Amino acid sequence: MRDGRPSWHWWWVALALPVLLGPGVFWLAHALADRPGAPSWLEEATFARVFQRLLMAGALGVGVPWFYRRGVRDRVALGLAGDRMGRQFVFGLCVGVVVASAQLGVQLACGAREWEPDSGWGGLAAAGGSGLMAAMIEEVLFRGALLGVLVRAMGVGWAVALQAAVYATVHFLKPPGFGEGYGVHWGSGFALLAAVPGHIFGGVGEVARWVLLALLGCALGVMAVRQRHIGWCVGFHAALAAGALAVPRLTDYEGGAWRVLCPKDPSAGIDGVVLMAVVLCLLMWRRARGPVT
């Protein structure tokens, strides 16, 4: 049985916090930076960074009680418990390594990149750790808590699509032009939000990145629904994230005639979109076991 429709209006409160308070907090931070002994990060704070920190605070303040009231109260509801979760994590990790290696192989084969490692095992381990941490946080939030609430409210298909769209769009809430040197005014929060669509549709690379992230969100959502936990999702996501961080340390980007197909950013290329579409199609061919409970 589906739950009642979630009260989405509370999330507007989380968004209003950085939009309305961002300029004032930015000016306060720089006023405090002028005092003797003030930490350097206050002086280095940009409006974009202040906006992001306030958005995180608002999302946390709204999200914790919002998810709790909708049944997200234990490890199962977060997707952190289930059958063969450890084995599925390893399986997802292996699949992710294969996909990331395939993308790198395409770029090496067409000459867009050259194999020139300039990082030791320590650097690669750091990339792996960062990828795993980012994957864990995002999977718990999007494929664990959010997807479970959406499935209970609207069914599997719409829930998977909506969380994927939200997941992709969240990555574009840092449009360029609001960093160092930006002249902050009281309407800066609204200006930043208004710049988000232009950031998404700002070029072939940005559109490709949004589509790739949306496809990734759908693929991860399908597996979370099927397995009723996020083990596979975390492994697959961690491999892709670690690969994106490791590729610049292992190769030298040449671009050339393949620049549009294989751009410098591995997450903004048509090659990545095609690979992720293939992964999603393969996952959807398998028979799902049932909805998230």
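The values are calculated or read from the model by the stated rules, or taken from the named source; none is laboratory data. Given the structure is predicted, the values throughout are model-derived calculations rather than measurements. So basically every Cβ, Gly included, is an ideal-geometry build from the backbone, and we count neighbours across all protein chains shown. What goes into the accessible areas is simple: the full protein's heavy atoms, side chains included, and nothing from ligands, DNA or RNA. Shrake-Rupley method; radii C 1.70, N 1.55, O 1.52, S 1.80 Å.
The overall shape of region 222-293 is oblate: from the C-alpha gyration tensor, with semi-axes ordered a ≥ b ≥ c, the ratio a/c is 1.5 or greater and a/b is no larger than b/c.
Each peptide in 170-176, 21-27, 143-149 gets a packing score, the mean of other Cβ atoms within 10 Å over its residues, and the list from highest to lowest is 143-149, 21-27, 170-176. By the combined test of axial Cα extent (at least 15 Å) and Kyte-Doolittle hydropathy (mean at least 1.6), the qualifying DSSP H helices of the chain come to 270-285. As a fraction of the 1.4 Å probe accessible area of the chain, surface on carbon and sulfur atoms comes out at 67 percent. Report the residue, chosen from Phe201, Phe236, Phe67, that carries the largest GNM mean-square fluctuation when the chain is represented by alpha-carbon nodes joined by springs under 10 Å. Sorting by GNM fluctuation, first place goes to Phe201. Averaged over its residues, the chain has an accessible area of 53 Å² per residue, based on protein heavy atoms and a 1.4 Å probe. Ranking Val211, Gly189, Ala33 by how far each Cα lies toward the positive end of the dipole of the chain (charges on Cβ) leaves Val211 at the top. To the nearest Å, what is the center-to-center distance of region 224-259 and region 182-216, using C-alpha atoms only? Here the two parts' Cα centres lie 22 Å apart. Give me the number: length gained by fully extending Ala57 to Arg69, i.e. 0.36 nm times residue separation minus the C-alpha to C-alpha distance, one decimal in nm. Stretched fully, the Ala57-Arg69 segment lengthens by 2.4 nm.
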